[in-house]
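Here the structure is laid out as structure tokens; the discussion comes afterwards.
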Amino acid sequence: MDFLCDVLQALVALAALCFIVVIIVAHVTAEMVNLTRHEKEKYFLTASGEKEPFPSLHDPHSRELSVVVPAYNEEFRMPVMLDEAMDYLENRQKQTPSFTYEVIVVDDGSKDKTTEVALRYTQKHGADKVRVLTLVKNRGKGGAVRMGTLSSRGKVILMADADGATKFSDIDKVEAGLKDVEPKLENMAISCGSRAHLEKDSVAERSAFRTFLMYGFHFLVWFLCVRGIKDTQCGFKLFTREAALKTFSSLHVERWAFDVELLYIAQCFKIPIAEVAVNWTEIEGSKLVPFWSWLQMGRDLIFIRLRYFTRAWKLESPQKTD
């Protein structure tokens, strides 16, 4: 009996030591918000090939809607999404001439012809409607979305994946969700597209192991970071300009778990968040590697909570991009 007690005490002590080590590692390895741009990332090309500087999210809005599309090696999947988006936006503008928009494609250091493909839309529609921000090196999806958002002109800003998994016309639903959110303190609000209503069907198609990983991730999100949002990872989110500035200026995580930190920051600032069911179809060619990506996201969730807990990361006032 004494032996079992000694073993139990040793395991508790080991667990406590491991927890302390994890806290120290999380604190010491914490990187600060990086809003620095390479010189080439400060400009976009016009339809005639001339360079013009990107505006700043700190500037007053001059468009009703900005659509930010993060893209990494998306030369084949992106045209389908952009065709659908441009058809919707052009038709909406014809019906409501006062409606103005822009699409910002952020090439996240692609090794294929993503930039060249996106520039065809600039040449077709003009740089006032379609702009391409080419990052010198890969930052990750979160880093790409942030750089595009900080370069936008919209009164509201939509984050939309390049694979077109969410039907673009569902923007009507997230816009309605944004309008219904109350109260909007300093005009800050977020509306998240959600696939939670599709979860039962997706579980039936997944292996038991992938289902276990999915539910494990959902639990960690709820336990460590974000409460009240069933689907934090859907890449279809709409922000008021003020909410985007407040949240993206404090964002640290640039890889897969960036959505969770973004919503964690929003809840810390008491920014109201709506969750709206949207259509979603799984598209082949996902960059997500089932086991390793989930493992990385799980690690990031733990580090997000610990780094804010130890104040290695702090919620900052909006900073200007260098």
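Brief remarks on what is shown
- Looking across 145, 136, 117, 132, one residue alone is in contact with a Leu (Cβ under 6 Å, 6 or more places away or on another chain) and not acidic (Asp, Glu). It is 132.
- Boolean, residue 219 is of a type in the set (A, V, I, L, M, F, W, C), assigned to a helix (DSSP H, G or I), more than 20 Å from residue 64 (Cα to Cα) and at pLDDT 80 or above: yes
- Verdict on residue 33 being under 28 Å from residue 301 (Cβ atoms), open to solvent by less than 40 Å² (accessible area, probe 1.4 Å), in contact (Cβ under 8 Å) with a residue 40 or more places away in the chain and in a strand (DSSP E or B): no
- Of the residues making up the range 174-186, one or more are open to solvent by 10 Å² or more (accessible area, probe 1.4 Å), under 26 Å from residue 59 (Cβ atoms), of a type in the set (Asp, Glu) and touching a helix residue (DSSP H, G or I) at 6+ places or on another chain (Cβ under 8 Å).
- Condition met for residue 87 (assigned to a loop (DSSP other than H, G, I, E, B) and modelled with pLDDT of 95 or more): no
- Meets criteria (touching a residue at least 40 places away in the same chain (Cβ under 8 Å), under 16 Å from residue 130 (Cα atoms) and open to solvent by 80 Å² or more (accessible area, probe 1.4 Å)) for residue 105: no
- Which listed residue is within 21 Å of the chain's Cα centre (by Cα), closer than 24 Å to residue 49 by Cα and open to solvent by less than 10 Å² (accessible area, probe 1.4 Å), from 154, 140: 154
- The residue that is farthest from the chain's Cα centre (by Cα), counting only those in the range 166-191 that are basic (Lys, Arg) and part of a helix (DSSP H, G or I), is 179.
- Whichever residue in the range 56-80 is open to solvent by less than 10 Å² (accessible area, probe 1.4 Å) and among the hydrophobic types (A, V, I, L, M, F, W, C) and, among such residues, is nearest to residue 155 (Cα to Cα): 65
- Of all residues in the range 211-241 being among the small types (Gly, Ala, Ser) and over 24 Å from residue 81 (Cβ atoms), the one that is most open to solvent (accessible area, probe 1.4 Å): 228
- Annotation: residue 112 fulfils all but one of (1) surrounded by fewer than 22 Cβ atoms within 10 Å (Cβ to Cβ); (2) touching a helix residue (DSSP H, G or I) at 6+ places or on another chain (Cβ under 8 Å); (3) not basic (Lys, Arg); the unmet one is (2).
- Every residue from the range 36-55 that is among the hydrophobic types (A, V, I, L, M, F, W, C) and open to solvent by 60 Å² or more (accessible area, probe 1.4 Å): 45
- So residue 55, is it closer than 24 Å to residue 124 by Cα, modelled with pLDDT of 90 or more, of a type outside the set (Gly, Ala, Ser) and part of a loop (DSSP other than H, G, I, E, B): yes
- Neighbours by Cβ (under 9 Å, 6+ apart or cross-chain): first from the range 180-202, modelled with pLDDT under 80; second surrounded by fewer than 17 Cβ atoms within 10 Å (Cβ to Cβ) and among the acidic types (Asp, Glu): 202/282
- Meets criteria (of a type outside the set (Lys, Arg), modelled with pLDDT of 95 or more, surrounded by fewer than 22 Cβ atoms within 10 Å (Cβ to Cβ) and out of contact with any helix residue (DSSP H, G or I) (no Cβ under 9 Å at 6 or more places or on another chain)) for residue 100: no
- The number of residues in the range 242-264 that are surrounded by fewer than 21 Cβ atoms within 10 Å (Cβ to Cβ) and of a type in the set (Lys, Arg) comes to 1.
The values are calculated or read from the model by the stated rules, or taken from the named source; none is laboratory data. The structure presented is a predicted model; accordingly, all values stated were derived computationally and were not measured. Counting neighbours? That spans all protein chains shown, and the Cβs are built from the backbone with ideal geometry, glycine included. For accessibility, only protein heavy atoms count, side chains too; no ligands or nucleic acids. Shrake-Rupley method; radii C 1.70, N 1.55, O 1.52, S 1.80 Å.
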